[in-house]
Amino acid sequence: MANSRFEYVREFEVHDTLLPQTYIVVRIDGKSFHQFSKYYEFDKPNDEAALKLMNSCAKNVVLKYSSDIIMAFGESDEYSFILKKECVLYQRRKDKLSTLFATLFTANYVALWPKFFPDKSLHYKHLPCFDARCISYPNLQTIKDYLCWRFVDTHINNLYNTAFWNLVIKCGLTTQQAEQKLCGTLSSDKHEILFSECGVNYNNEQEMFKKGSLITSKGEILHVDVVKKIDELFDGY
């Protein structure tokens, strides 16, 4: 198209650039993963192999762009990549960053699938797909609060799902009955239901399930209480 009369069409392209000197979060999320996990028969409430696959994909992304990424945090079928405020990757273009992370993560997921699910081949009608969004955060405190928010969300969701699926699988309740039983319950109530009715001590569940996974810029995968360690995690930033 160079130097042709058709080149004017480029004038319609709009580049949404994220604000400079702000922290960037690129959060990827699985598309229709409820149906995806059902088709491939993931274990409930947590499939260890599926979570480890997510962690390996995220680790590869972090290591590829370690000079731009502070850390990443993941739970279930989502991962948040926290980029430095000095990051100028793709000139901070929102569309480029979101498509880069979504496609790179998806490519890793497909490539690594046989390692974690050697007995389950991907079907072309049920392929994994991730979307992504980019958010700018103005200061360090806000980005800390973002990470704490995702960590707390992990705890709330996992405690509920653990109670829900144990009521269904171990206690024989229907999904509707389990939902009704848990409606309006507090965290302490769910702990008690799990222990007294399902024989499950939630404290003994895997740390990865309860706390999510945090990946450092060096590729270390940690399962820690983010809220308690938030200042330590961002030391130097």
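The values are calculated or read from the model by the stated rules, or taken from the named source; none is laboratory data. None of the values given here were measured: they were computed from a predicted structure. Cβ placement follows ideal geometry from the backbone for every residue including glycine, while neighbour counts extend to all protein chains displayed. We work out accessible area using only protein heavy atoms, side chains counted, and drop any ligands, DNA or RNA first. Shrake-Rupley method; radii C 1.70, N 1.55, O 1.52, S 1.80 Å.
Brief remarks on what is shown
- Translational diffusion of the chain, µm² s⁻¹ [Kirkwood Rh, Cα pairs; Stokes-Einstein; 25 °C; 0.890 mPa s]: 125 µm²/s
- Candidate residues ARG10, ARG133: accessible-area rank, largest first, probe 1.4 Å: ARG10, ARG133
- Per residue, the chain reaches -15000 deg cm²/dmol at 222 nm when only DSSP H runs of four or more residues are counted, each adding -39500 (n - 2.57).
- Across the chain, the mean sequence separation of Cα contacts (distance under 8 Å, 6 or more residues apart), normalised by length, yields a relative contact order of 27 percent.
- In the assembled protein chains, PHE234 presents an accessible area of approximately 10 Å² (probe radius 1.4 Å).
- Area of ASP225 that stays accessible when all protein chains are in place (1.4 Å probe, Å², to 10): 40 Å²
- In Hz, Karplus ³J(HN,Hα) per residue of segment 211-221 (6.51, -1.76, 1.60; θ = phi - 60°; x = Gly, Pro): 10, x, 10, 10, 10, 7, 5, 8, x, 6, 9
- Contact order normalised by residue count of segment 31-166, Cα under 8 Å, 6+ apart, percent: 29 percent
- Set against the 2.2 N^0.38 Å expectation for a compact globular protein, segment 103-237 has a Cα radius of gyration ratio of 1.31.
- Accessible surface for the chain, divided over its residues, is 56 Å² per residue with a 1.4 Å probe.
- Normalising by residue count, segment 49-136 has a Cα convex hull of 93 Å³ per residue.
- Backbone amide hydrogens, once placed in the peptide plane, bring LEU173 within less than 5 Å of VAL168, excluding anything fewer than 5 places away on its chain.
- Largest to smallest in accessible area, the residues TRP113, TRP149, TRP165 fall in the order TRP149, TRP165, TRP113 (1.4 Å probe, all protein chains included).
- Carbon plus sulfur fraction of accessible area for the chain, probe 1.4 Å, in percent: 51 percent
- Scanning the chain for DSSP H helices at least 20 Å long along the axis (C-alpha atoms) with a Kyte-Doolittle mean no lower than 0.0 picks out 48-64, 94-116, 140-169.
- Order by protection proxy (mean Cβ within 10 Å, highest first), peptides 203-211, 93-101: 93-101, 203-211
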